[in-house]
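Notes follow once the structure below has been shown.
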Amino acid sequence: MATAPHAILPLSRLSPAVADWVESVRHLTQPAAVHWCEGSESEIRQLTAQLEQSGELLRLDEKTFPNCHLARSNPQDVARVEHLTFVCTRNKEDAGPNNNWMAPAEARAKMRNLFQGCMKGRTLYVVPYCMGPLNSPLSRYGVEITDSAYVVLNMYTMTRMGRPALELIARTGRFVKGLHSTGELDPNRRFIMHFPEELLIESYGSGYGGNALLGKKCHALRIASFQARTEGWLAEHMLIVGLRNPRGETHYVAAAFPSACGKTNLAMLIPPDSMPGWKVFTVGDDIAWLHPGPDGRLWAINPESGYFGVVPGTNPETNRNAYDMIRHDTLFTNVAVTADNQPWWEGLKEGKPATDWQGRPYDPANGPAAHPNSRFTVSAKNNPGYSPHAEDPQGVPISAIVFGGRRRTVAPLVYQSRDWAHGVLVGASVASETTAAATGQVGVVRRDPMAMQPFCGYNFADYWQHWLDIGAKLSNPPKLFHVNWFRRDEQGRFLWPGYGENLRVLAWMLERAAGRAGATQTAIGSLPRPEDLNLAGLNVAAADVQELLRVDQAAWRSEVGEFRKYLAQYGSRLPAKLTEQLDGVERRLG
Ligand code: GTP
Ligand code: SPV
Ligand code: MN
């Protein structure tokens, strides 16, 4: 059979719109060469070999970690930089108090200066990608131009990248432009700019994670959330997980936790031995695109195709699947290395580090051996628990949405909102201790509504209204909950074992959603009594369970006061319904 004519067209001729943009960027950045990414395995093998040769990638021990590599980033470039991330809408108010804002013209001029000639002597890579399954009407397209081959390798795993994506772009004509250069990696010459009204991202001066893999936080959350508002859907910082109970029924849960607060681990949960008959399937571990379906339910797709996950803490006890998944075909960034060239990180519980994440001989005086934000990049197909429905074009139906944060105190293990509108308040009121996923101080409690503080591409006040509107459209909405796996006692000991044991809490939620499980009504929502949770085989003292399920009225009154102050900055744009919900909680607290 003859080959279809388009199949042999050079990539540069598939889409004139993309080609024109590439040409203008080439003119501006002056690279030595332009490489259009096909997305083929042989192309990726070649790029990998090239990076091994240049020393940018280190091959790890082939026997124990086949086809695994280590990349070390610049020590000044190890996390997202929220203070250098901007949303550049025409009107400042549209970006909201939750975003850094710069006038679009000023931002464009600033970035033009930085990009001018920045790729001299380097290769410009054109990376066409699709966020979501290639055959899904809910998927969206983008093109990232980058001068980092490391970024190309990551995009290959994290997105559907290459020719098929470009063919879709050529057919539909709509794509998000993302221009990226690692620049000098100087934090003083680093900006991550978003122009949601122009479907444009410009990122300069970082090669790391969410700053540089533009399909992820920049496109799939900031730009997508902005688009989703006008189009009637939600782009959220949520994992998606399927839970099959011993009766054989599968329900899907989406959960929003801030960065490094347990999404990947919950998405890959392994049921404890004392809960036989349960099975868990991962749909996504970081981002969910949620659409109201014709049946009045909310349907979710995962726009990504891989995991860019936190390495420290991964071991056979916390998460056997994650531990196995990253033992082959994995790209590590900023972990330590053992004497026999295996990757090493804090919490591994075997081996010992010889070289730290900066490539220095390991010395405990220098801090942790692996960077606390060290990451693995791995294909979702490596996950033994990858859901057979993860690539369904219409997504999976969501029975429960969970919000959560990392709180030593105040927030109980779990509570359920009274209804959707109250649940929006519960999501908006999330506060969490900061983590190593972003630069800055770690362990400080900050407000992180819906875990979207760093990622919402527009004014939070409008975003909460949008959440309220979506709920009003759903005849069969998911039930909304809040969890906290991170409660501690005065000595700093975790009260809850977490990880696989979190299934006990999820099981209660699903029973609640089905109208079967019991609860006690409190001012903040419904909480399980100890007897409402399946605690069989769990080794937690009864006093700890009591403490985990306690609502401290005084602490909550001050929490509500703090939250009210926080909301005040949104002024008249704040939905009245949200304030009414907060008034209700305050009244019930007495
Ligand atoms: P991002 O990729 O930054 O969005 O992070 P994430 O939300 O996917 O977090 P992840 O699952 O990678 O967990 C972050 C850290 O929290 C890791 O060190 C985990 O070991 C730890 N962690 C995850 N779940 C639990 C839990 O249930 N209890 C406790 N104590 N720690 C947990
Ligand atoms: C997060 O910080 O929430 C991450 C890692 O998932 S990054 O891709 O760097 O944003
Ligand atoms: Mn994340």
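Taking the Cα centre of the stretch 411-527 as origin and charging only Cβ (+1 Lys, Arg; -1 Asp, Glu), how large is the dipole, in debye to the nearest 20? Kindly include the intermediate steps, with their values, before the conclusion.
Working: 11 positive and 9 negative charges, 44 e Å.
Dipole of the stretch 411-527, to the nearest 20 debye: 220 debye.
Out of the trypsin sites (Lys or Arg not before Pro) in the stretch 233-331, which ones are loop residues according to DSSP with at most 12 other C-beta atoms within 10 Å?
In loop regions of the stretch 233-331 (DSSP not H, G, I, E or B), the sparsely surrounded trypsin sites (Lys or Arg not before Pro) are ARG247.
Give me the percent of the accessible area of the chain that comes from carbon and sulfur atoms, probe 1.4 Å, all protein chains in place. List each step's numbers first, then the result.
Values: 11240 of 22700 Å².
C and S fraction of accessible area: 50 percent.
Treating the beta-carbon of each Lys and Arg as +1 and of each Asp and Glu as -1, no other charges, what is the dipole magnitude of the chain about its Cα centre, to the nearest 20 debye?
700 debye
Using Cα-only point scatterers and the Debye equation, what is log10 of I(q)/I(0) for the stretch 516-590 at each q in 0.15, 0.17, 0.27 Å⁻¹, rounded to two decimals?
Each listed q corresponds, in turn, to -0.67, -0.77, -1.23.
Measure out, as a whole number of angstrom, how far apart the alpha-carbon centroids of the stretch 17-37 and the stretch 134-164 sit.
One Cα centre to the other: 17 Å.
Report, as a whole number in µm² per second, the diffusion coefficient that Stokes-Einstein gives for the stretch 237-280 at 25 °C and 0.890 mPa s using the Kirkwood radius over alpha carbon pairs. Provide the component values of the computation, followed by the final result.
Numbers: Rh = 11.1 Å.
Once the numbers are plugged in, D ends up at 220 µm²/s.
Using the Kirkwood radius built from alpha carbon pairs, what does the Stokes-Einstein equation give as D for the stretch 275-410 at 10 °C and 1.306 mPa s, in µm² per second? It would help to have the intermediate numbers written out before the result.
Details: Rh = 17.2 Å.
Answer from the Stokes-Einstein relation: 92 µm²/s.
I need the semi-axes of the equivalent ellipsoid of the stretch 282-349: take the C-alpha gyration tensor, multiply each eigenvalue by 5, square-root it, list largest first in whole angstrom. Spell out each step's value before the answer.
Numbers: eigenvalues 228, 29, 16 Å².
That gives 34, 12, 9 Å for the three semi-axes.
Mean 1/r over all different Cα pairs, inverted: what Kirkwood radius does the stretch 261-303 give, in Å? Kindly include the intermediate steps, with their values, before the conclusion.
Numbers: mean 1/r = 0.0814 Å⁻¹.
It is 12.3 Å.
When the expected Rg is taken as 2.2 N^0.38 Å, what fraction or multiple of it is the alpha-carbon Rg of the stretch 130-257? Write down the numbers at each step before the final one.
Numbers: Rg = 16.4 Å, N = 128, 2.2 N^0.38 = 13.9 Å.
With N residues counted in the stretch 130-257, Rg over 2.2 N^0.38 Å equals 1.18.
On C-alpha positions alone, give me the angle between the axis of helix 553-568 and the longest principal axis of the chain, in degrees, nearest 10.
40 degrees
Could you check the simple spin-label distance between GLN76 and LEU589, using points 7 Å along Cα→Cβ, in nm with one decimal?
So the two model labels end up 4.4 nm from each other.
What do you get for the angle between helix 460-473 and the principal long axis of the chain? Use alpha-carbon atoms, 0 to 90 degrees, nearest ten.
Once rounded, the angle reads 70 degrees.
One-quarter of the Cα convex hull surface for the chain, in nm²?
That works out to 27.2 nm².
What translational D, rounded to a whole number of µm²/s, comes out for the stretch 30-89 from Stokes-Einstein when the hydrodynamic radius is the Kirkwood one over Cα pairs, at 25 °C and 0.890 mPa s? Working shown, then result.
Values: Rh = 14.9 Å.
D, rounded to a whole number, is 165 µm²/s.
Can you grab the distance from the C-alpha centre of the stretch 194-247 to the C-alpha centre of the stretch 389-438, Å, no decimals?
Using only Cα atoms, the two centres lie 17 Å from each other.
Report for the stretch 31-150 the percent antiparallel among DSSP-assigned beta bridges with both residues inside it, nearest 5. If you can, show how the numbers build up before the last one.
Values: 10 of 15 bridges.
Expressed as a percentage, antiparallel bridges in the stretch 31-150 total about 65.
Calculate the radius of gyration of the Cα atoms of the stretch 311-380 to one decimal place, then report Dmax, the largest Cα-Cα distance, as a whole number, both in Å.
Considering the stretch 311-380 through its Cα atoms, Rg and Dmax are 11.4, 36 Å.
How large are Rg and Dmax for the stretch 4-112 when calculated on the C-alpha trace, in angstrom?
20.1, 56
Where does the stretch 410-489 land on the Kirkwood hydrodynamic radius, alpha-carbon pairs, in angstrom? It would help to have the intermediate numbers written out before the result.
Working: mean 1/r = 0.0714 Å⁻¹.
Taking every pair of different Cα atoms in the stretch 410-489, averaging 1/r and inverting gives 14.0 Å.
Could you give the angle, 0 to 90 degrees to the nearest 10, between helix 16-29's Cα long axis and the longest principal axis of the Cα atoms of the chain?
Orientation of helix 16-29: about 80 degrees from the principal axis.
Over the stretch 377-510, one equal point on each Cα, no solvent: what is log10 I(q)/I(0) by the Debye formula at q = 0.09, 0.16, 0.21 Å⁻¹?
For the stretch 377-510, the Cα-only Debye profile gives -0.33, -1.07, -1.38.
Grab the alpha carbons of the stretch 458-576, take their convex hull, and tell me the volume per residue in Å³.
Numbers: hull volume 19.1 nm³, N = 119.
For the stretch 458-576, the hull spanned by Cα atoms encloses 161 Å³ per residue.
Cβ neighbours within 10 Å, averaged per peptide: list 166-178, 97-109 in order, most packed at the top.
Values: 166-178: 19.5, 97-109: 16.1.
Per-residue Cβ counts within 10 Å, averaged per peptide and sorted highest first, yield 166-178, 97-109.
For the chain, what is the accessible area per residue in Å² when the probe is 1.4 Å?
Values: 22700 Å² over 590 residues.
Value for the chain: 38 Å² per residue.
On the principal axes of its Cα set, how long, how wide and how thick is the stretch 89-180? Give whole Å, largest value first.
38, 37, 22
Take the Cα coordinates of the stretch 130-191, assign each an equal point scatterer, and use the Debye formula without solvent to give log10 I(q)/I(0) at q = 0.13, 0.24 Å⁻¹.
Reported log10 I(q)/I(0), two decimals: -0.41, -1.01.
Just how far, in whole angstrom, is the stretch 484-500 from the stretch 322-374 if you go by their alpha carbon centroids?
Value for the Cα centre distance between the two parts: 25 Å.
Magnitude of the Cβ-charge dipole of the stretch 115-262, K/R +1 and D/E -1, about the Cα centre, nearest 20 debye?
Details: 16 positive and 11 negative charges, 49 e Å.
Roughly 240 debye for the stretch 115-262.
Of the beta bridges DSSP finds with both residues in the chain, what % are antiparallel, to the nearest 5? Spell out each step's value before the answer.
On the way: 61 of 94 bridges.
If we restrict to bridges inside the chain, about 65 percent are antiparallel.
Per residue and in Å³, how big is the convex hull formed by the alpha-carbon atoms of the stretch 173-316? Intermediate values should be presented prior to the final figure.
Details: hull volume 20.4 nm³, N = 144.
For the stretch 173-316, the hull spanned by Cα atoms encloses 141 Å³ per residue.
Can you find, among ALA17, VAL253, TYR566, the residue farthest towards the positive end of the dipole of the chain? Put +1 on the C-beta of Lys and Arg, -1 on that of Asp and Glu.
TYR566
The values are calculated or read from the model by the stated rules, or taken from the named source; none is laboratory data. All of these numbers come straight from a predicted model, not from anything done at the bench. Here the Cβ is made from the backbone with ideal geometry for all residues, glycine too, and neighbour counts use every protein chain on show. Accessible surface is based on the protein model in full, side chains and every heavy atom, while ligands, DNA and RNA are left aside. Shrake-Rupley method; radii C 1.70, N 1.55, O 1.52, S 1.80 Å.
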